[in-house]
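Structure first, commentary second.
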Amino acid sequence: MRIGIMSGAPGGAVPPESTVDDFVAFAQRVEELGFDSLWMAQIFGIDAIATLGIAGRETERIELGTAVVPTYPRHPVVMAQAALTANAVAGGRFALGIGLSHKMVIEPMFGYSFDQPARHMRDYLDALNPLLSGEVARPKSHHYKFNAQVSVPGIAAPSVLVAALGERMLKLTGELADGTITWMCGPRTLETHIGATLRNAASAAGRREPRVVAGLPVVLTDRAREARETIAKQLEVYGQLPSYRAMLDREGYDGPADCALVGDESALRDQLAAIRSAGVTDLDAALVPADDGAIDRTLEFLAAERGA
């Protein structure tokens, strides 16, 4: 299981109010520590694709991925141009993570209808995939009708990961994308629902084994109860969003704190082993500042565990 680090999320390592230079410096640090990947959330701050492209110029090895960019506000042509440019700058190390976002964001903030979200994502991928491959896209779907091509010389298409949790979204992700990137999913859900549905769909479509990137809060601490109380407060809103709430309920969790990987070295190794056994290919660790020094302490622990 590859281990990567999340950035750009509220309250965590390099929060969204940070500068581009802060993100680039963190990317360099994460690479020096030997991590496999760095993921960046797209919030209402600096642009994740552009920032990761800049980080690509200042790093050499680490994979740089978005987790995730909402699809509704970005036309597939615009998304393809940005992703291919970032991948070119990063020397082929960029991964495009995309997602629907949530009704409470898409409708009141952006002004788009959130009706038929799975149909939107299918139409989006049908339009985006040929563009990323340098082909002419001529979609004639419910959401997109256009004729366009994007040309960025000398670079292949980046891998595409879709934030998929529901069965319909997982099936179309397995059919049309390279894998999924999740949030708030426990090991049983990751194995029997996320992984199984995704892999069956990919196999039926004749695609290679998909990636399962699991985003989870992680804290190395000797005070697990206090850390979980902090996580419960900091991440409370995620437990109220329908898509995440459904995954927490499926696992039998009361709230976001229950899905977090929390504890001392021994406890964290057991929890890492559980998600590895669930078929997770990549951990996207969201470092939570549960106490002074928690982020640095957890970062160093995970660096030592990478590749285990």
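Averaging the sequence gap over all C-alpha pairs within less than 8 Å and six or more residues apart, then dividing by the number of residues, gives segment 151-213 a relative contact order of 36 percent. Legend: ranking of residues LEU198, LEU268, LEU100 from fewest to most surrounding C-beta atoms inside 10 Å; resulting order LEU268, LEU100, LEU198. Per residue, the average separation of C-alpha pairs within less than 8 Å and at least 6 apart gives the chain a relative contact order of 19 percent. If only the Cβ of Lys and Arg carry +1 and only the Cβ of Asp and Glu carry -1, the dipole of segment 81-202 around its Cα centre is close to 80 debye.
Cβ crowding within 10 Å ranks PHE114, PHE26, PHE146, PHE94 as PHE146, PHE114, PHE26, PHE94, fewest other Cβ atoms first.
Each helix, a run of at least 4 DSSP H residues, gives -39500 (n - 2.57); summed and divided by the residues of the chain, these come to -12000 deg cm²/dmol at 222 nm. Which residues in segment 182-206 have a backbone N closer than 16 Å to a point placed 7 Å from the Cα of HIS102 along the Cα-to-Cβ line? Answer for segment 182-206: 182-185. Modelled spin-label separation between ARG2 and ARG61, with each label point placed 7 Å from Cα along the Cα-to-Cβ direction: 1.3 nm. Charges were assigned to the Cβ only: +1 to each Lys and Arg, -1 to each Asp and Glu. The resulting dipole of the chain about its Cα centre is roughly 1300 debye. Our note on the geometry: Cα centres of segment 246-308 and segment 153-175, 24 Å apart. With the simple model of a label 7 Å out from the Cα in the direction of the Cβ, ALA50 to ALA232 spans 4.1 nm. Across segment 69-154, Cα pairs under 8 Å and at least six residues apart give a relative contact order of 31 percent.
Sorted ascending by nearby beta carbons within 10 Å, beginning with the fewest, VAL288, VAL24 become VAL24, VAL288. Taking the DSSP bridge list for the chain and keeping only pairs wholly inside it, about 5 percent are antiparallel. Counted by Cβ distance under 15 Å from VAL136, the other residues give a net charge of +1, where Lys and Arg count +1 and Asp and Glu count -1.
Given R0 = 41 Å, the distance between the Cβ atoms of PHE110 and ARG223 translates into a calculated FRET efficiency of 0.55. Net charge of the neighbourhood of LEU248, taken over other residues with C-beta under 10 Å away and scored Lys/Arg +1, Asp/Glu -1, is -2.
Laboratory data are not the source of any read-out in this text; all were calculated from the coordinates shown. Keep in mind the model is a prediction, meaning the values are calculated, not measured. Positions of Cβ are generated from backbone atoms using ideal geometry, with glycine treated the same way; all protein chains shown enter the neighbour counts.
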